[in-house]
């Protein structure tokens, strides 16, 4: 193989490898926060469909349930702004409290973290302390 074809061949090989590498997210349709064995398993990390740029986990704190999936497109904020960095936010509807986390990178939605709820409670407590 002539020397001048080596860079072209290498670039072609890297392009093929890059095309076949898709985002991998944990995919769990329904999980229980109270079941430590059901949270994340090695088999839950799966290839996402073409076009998926981020991983999402939703947590229903009222029901102690969560789900994990791939998301077509980028993360959004609580107000619906697109092209957002990785983030977590809580929403409340009646007595239901939901946490949503969106992230970028293979397996980034692994743990159904209590962080969104915990950080919200901490923010409320700090606000009460400062403004009381």
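Every number here is computed from the coordinates shown, using simple stated rules; none is lab data. Since this is a predicted model, take the numbers as computed values, not measurements. Please note: Cβ atoms are built from the backbone with ideal geometry, for glycine as well, and neighbour counts cover all protein chains shown.
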When a footprinting reagent is the concern and you count Cβ atoms within 10 Å, what order do 93, 110 take, fewest first?
93, 110
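Can you sort 22, 54 by how many other beta carbons sit within 10 Å, fewest first?
On the way: 22 15, 54 22.
Ranking 22, 54 by Cβ neighbours within 10 Å, fewest first, gives 22, 54.
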Using label points projected 7 Å from each Cα along Cα→Cβ, tell me how many nm separate residue 33 and residue 50, to one decimal.
3.8
